[in-house]
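The values are calculated or read from the model by the stated rules, or taken from the named source; none is laboratory data. As the structure is a computational prediction, the values presented were derived from the model and not from experiment. All Cβ positions, glycine included, derive from the backbone under ideal geometry; neighbour counts span all protein chains shown.
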């Protein structure tokens, strides 16, 4: 049986100090600066009205009732279900009941919504501008240090564990060869790995509630209304009616139903 050929590439030990370490340090410092820049650019959040807080929490209450219905007895669930469904249908929890049945105002005319959009734009700027500069810096200074492949030079690092060929396009960005072992990582790919993999480092330095994580910022910008379950463009009355319908069609089953028989059967076995 033929043994697989082990691909060995002799590298200069100074590459760790001149490629791997500078990129990693710059990415860590960029994340720290981004955190403090976001802290300075963020405006003081305005105090939310009590009626709107009640409106949001009431919808969450219905979702929690439907999700955890199995821990309630049939009588307890039926009582809570009847109250929530009737309240949703009558619009008791609406912050602005006078707007019920009327078209929602344009969210672009809402100062609070415009302020939120400005905050999102600031977050995008603090993320895109540094990363564009760093990518140009890596392409300019770290593209000719280690090996020559297909008449071109690439700075690379090798991972100590095996990987499947599916990782080749991700780890060898810019390397135009099919024969290089997938464990070799180009400098540009190392930049992307540190871009999305330094969250534990940021948590250690800045704490868990930091603004340096690019993935979290992207998710927040992609779904700005997820925090309160209601965006400014959503009609709360329709959400309440939809949740009332979900509660009405829910088939309740108590988790302790027939517990005596099940316990006796288990002990008898």
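Return the residue satisfying two criteria in turn: it lies in the stretch 67-84 and is assigned to a helix (DSSP H, G or I) and crowded, with 17+ Cβ neighbours inside 10 Å, and of such residues it is nearest to the chain's Cα centre (by Cα). For the stretch 67-84, the residue satisfying everything is 69.
State yes or no: is residue 195 closer than 30 Å to residue 137 by Cβ, surrounded by 15 or more Cβ atoms within 10 Å (Cβ to Cβ) and either modelled with pLDDT of 80 or more or in contact with a helix residue (DSSP H, G or I) (Cβ under 9 Å, 6 or more places away or on another chain) (or both)? Before you say what the answer is, go through the steps one by one.
On the way: closer than 30 Å to residue 137 by Cβ: yes; surrounded by 15 or more Cβ atoms within 10 Å (Cβ to Cβ): yes; either modelled with pLDDT of 80 or more or in contact with a helix residue (DSSP H, G or I) (Cβ under 9 Å, 6 or more places away or on another chain) (or both): yes.
Here the answer is yes, as residue 195 does meet what is asked.
Would you check if residue 34 is farther than 20 Å from residue 244 by Cα and touching a helix residue (DSSP H, G or I) at 6+ places or on another chain (Cβ under 6 Å)?
Values: farther than 20 Å from residue 244 by Cα: yes; touching a helix residue (DSSP H, G or I) at 6+ places or on another chain (Cβ under 6 Å): yes.
Taking the combined requirement at face value, the residue satisfies it.
Looking across 167, 141, one residue alone is out of contact with any helix residue (DSSP H, G or I) (no Cβ under 7 Å at 6 or more places or on another chain), surrounded by 14 or more Cβ atoms within 10 Å (Cβ to Cβ), modelled with pLDDT of 55 or more and over 30 Å from residue 33 (Cβ atoms). It is 167.
Given the criteria in a helix (DSSP H, G or I) and at pLDDT 85 or above, does residue 92 qualify? Write out each step before concluding.
Values: in a helix (DSSP H, G or I): no; at pLDDT 85 or above: yes.
Judged against the criteria, residue 92 is not a match.
Kindly indicate whether residue 63 is touching a helix residue (DSSP H, G or I) at 6+ places or on another chain (Cβ under 9 Å), under 26 Å from residue 236 (Cα atoms), touching a residue at least 24 places away in the same chain (Cβ under 8 Å) and surrounded by fewer than 16 Cβ atoms within 10 Å (Cβ to Cβ).
yes
With respect to being touching a helix residue (DSSP H, G or I) at 6+ places or on another chain (Cβ under 8 Å), crowded, with 16+ Cβ neighbours inside 10 Å and at pLDDT 80 or above, residue 244 fits the description.
Hey, could you check the stretch 37-60 for residues that are in contact with a helix residue (DSSP H, G or I) (Cβ under 6 Å, 6 or more places away or on another chain) and within 28 Å of residue 124 (Cα to Cα) and say which is modelled with the highest pLDDT? Of everything passing the filter in the stretch 37-60, 37 is modelled with the highest pLDDT. Taking first residues from the stretch 195-212 that are free of Cβ contacts under 8 Å to residues at least 40 places away in the same chain and partners that are in a helix (DSSP H, G or I), the Cβ contacts under 7 Å between residues at least 6 apart in sequence or on separate chains come to 196/214; 196/215.
Selection of first residues in the stretch 35-52 that are over 30 Å from residue 95 (Cβ atoms) and of second residues that are modelled with pLDDT of 85 or more and assigned to a helix (DSSP H, G or I), restricted to Cβ pairs under 6 Å at least 6 apart or on distinct chains, gives the following pairs, ordered by first then second residue: 35/206. Of all residues in the stretch 23-53, those being surrounded by 14 or more Cβ atoms within 10 Å (Cβ to Cβ) and farther than 28 Å from residue 203 by Cβ number 1. Taking the conditions (1) in a helix (DSSP H, G or I); (2) modelled with pLDDT under 75 in turn, residue 104 satisfies each one other than (1).
Is there a residue in the stretch 247-264 that is out of contact with any strand residue (DSSP E or B) (no Cβ under 9 Å at 6 or more places or on another chain) and at pLDDT below 80? Before the answer, list the steps.
At the first step, the residues of the stretch 247-264 found to be out of contact with any strand residue (DSSP E or B) (no Cβ under 9 Å at 6 or more places or on another chain) are 247-264.
Those left that are additionally at pLDDT below 80: none.
Scanning the stretch 247-264, I find no residue that is out of contact with any strand residue (DSSP E or B) (no Cβ under 9 Å at 6 or more places or on another chain) and at pLDDT below 80, so the answer is no.
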